[in-house]
1. Under the rule of at least 5 residues apart or a separate chain, name every residue whose amide H is placed under 5 Å from the amide H of residue B:282.
2. Tell me, what ³J(HN,Hα) does each residue in segment B:25-40 have, in order and in whole Hz, if you take phi through Karplus 6.51 cos²θ - 1.76 cosθ + 1.60 with θ = phi - 60° and put x for Gly and Pro?
3. Test of understanding: in a Gaussian network model of chain B with alpha carbons linked when under 10 Å, which of B:172, B:27, B:61 would top the mean-square fluctuation ranking?
4. When chain B is modelled as a GNM with alpha-carbon springs shorter than 10 Å, which of B:259, B:161, B:120 fluctuates the most?
5. Please arrange A:265, A:87 by counting, for each residue, the other beta carbons lying within 10 Å of its beta carbon, fewest first.
6. Could you list A:70, A:107, A:51 in order of exposure, starting from the residue whose Cβ has the fewest other Cβ atoms within 10 Å?
7. What average number of partner chain Cβ atoms lie no more than 10 Å from the Cβ of the residues making up B:2-12?
8. With equal scatterers on the alpha carbons only and no solvent term, can you work out the Debye log10 of I(q)/I(0) for segment B:229-277 at 0.21, 0.23, 0.26 1/Å?
Amino acid sequence: MPTIQNQELISFVEKMPAFPKSVQRVVQLTSDINASAKEIVRVIESDPVMTVKILKVINSAFYGLPQKITSIQRAVVHIGLNTIKNLALSVAAMGVLQPTNKADFDTQKFLLHSLTTASLCRMLAEKLKVKASECSDFFVAGLVHDFGKIVFAEFDPVNFKLALDKSAKENISLHEAEFEFMGINHAQVGKILAEKWELDPVLIDAIEHHHDTLNETMLSACIFTANQISKKLQFGFAGNPVIEETPDEIIPRFELTLDDLISSLGDLSPIKSEALSFINS
Amino acid sequence: MKLRFWGVRGSIATPGPNTVKYGGNTTCIEITTDNNDLIILDAGTGIHPFGLELLKKLPVTAHLFITHTHWDHIQGLPFFSPIFIPGNEVQIYGGLDPVTNEGIERALGVQLQYSYFPIREAELNAKVEYNTIKPGESVSIGNAKVTPILLSHPVLNFGYRIDCDGQSIFFTGDYEPVFNIYQPEDDEYEEYQSFIDQKQHEIIMAMKNVDALIIDSSYTAEEYLAKKGWGHGTYASAIELAAKAQAKKLFFTHHEPTRTDDQLEHIYAQLLKDNPNLKYEVILAKEGVDIYL
């Protein structure tokens, strides 16, 4: 049964706070006149909520930028570090996402999944020889691909919990269970929000289709694959126990099975430890 | 077009014997088109003497474009006499602040409050209207076309290009060329540099072939070392931009507030000596001189 009303959802997410660690770091860094620019960018890009909220502002039609801004680094070049700092501070002023929620969705494990998927997505882009100027876009896409889940946990925790429980118990994909209980899944919710916020159509598409290949692109292939690697290596957990088969459309991109691809990437444990060091520092 | 600087000083007004030649008022630039349409860039303290001059030509219709809302670019606005006189019209243009989500009306509204000024906005007698404008979208004022572009400063800042009757002017507002926040050994360095190069290209295209290029040149290269990230450019960065844009005249403005007339002239003489082959004229912006392009 569909229970999600778009307008209500959009208003809710406008007020949704960011993750505790990044809020705390943003408050610290914005109180230090000598804080390094790259540290501020790193903190913002370690939080899917803060990242989408800043991309939303910079991509608004009011700044009429010649191209969509898909990373915080690009945003700094266009609108300046101080504005980005102040935008981050205004997100921080909304409070912090509570570590517990009525859906029993573990937000720390979710964040670890998002951050590792982001890093893996960039790594895959580099492997596919994506231009250097686009690699941070791949990172951001990986970071925000599951944004819809954290929205569900806050906005519709009762039904989201039912979906999480069913997915765990019956070992079915979480997005299928979400659809059953809420009439919509996290990829679709992510798409609705990303569209409302006028994000890059390529990013919107990648969020919408990160579980299917209806509109396969280099970006969606990298997100899909990074997502499966992160799940397979158990880097955090975002509620979906199922590791999906690599679809036929994606296989030629990497020309390797998932296991062989993972082996070819070498030691991936630093990706997890780096993300953990941010979450726990 | 006629161009006249009414304020050339950065940050704070600096009256006194040491600034009497170039001027101590903060930023305000008059542009009068051949058809007598009036475009004003910024409302620093220089807009006060300009407003007094305009009282001789009532009624006034003025189009005021604000580059950004730091004090030195808006502080003269409540003292711009035409706003108090019925029959005048002042159209104010500027961008939407990304952090507060407020339009340019805040620049005046915030100053016309009981604690800061004796007259409230509701008491202004001229027709004063606000226009939120977007980068890349031109505004037509008579024959003139004014086009904003987003330029880097600690707050939202528009540069403006004015094209009219076959002539053109570009003013940066406050502007520091973007620098790489990463070190060459960082993984992100190359990618970030490619973003900077794209943006730089966009800026040069917006300034391309202008007859008058007016640039924030607050610092010498030596001073800049201690002021990187403060949002202002140098004489050298202005010269580089003007060369790339193939401008015909380059005006240095936003003079550093502690800079005396003598120091300005000393720096200027040194710049000419260090750059003997400039293909365009370089000029220190000076208050009160009519410049016909």
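Any read-out appearing in this document is the output of simple, stated calculations on the displayed coordinates, not a laboratory observation. Just so it is clear, the structure is predicted and the values come from calculations on it, not from any experiment. Every residue, glycine as well, gets a Cβ built from its backbone with ideal geometry; the counts of neighbours run over all protein chains shown.
1. Amide H to amide H, under 5 Å and 5 or more residues apart or across chains, residue B:282 pairs with B:250.
2. Going residue by residue, I get 7, 7, 3, 7, 10, 9, 10, 10, 7, 4, 8, 6, 6, 10, 10, 10 Hz, with x marking Gly and Pro.
3. Per the Cα network of chain B with a 10 Å cutoff, B:61 tops the list.
4. Result for chain B, Cα springs under 10 Å: B:120 fluctuates most.
5. A:265, A:87
6. A:107, A:70, A:51
7. 0
8. Cα-only, vacuum Debye calculation for segment B:229-277: -0.86, -1.00, -1.18.
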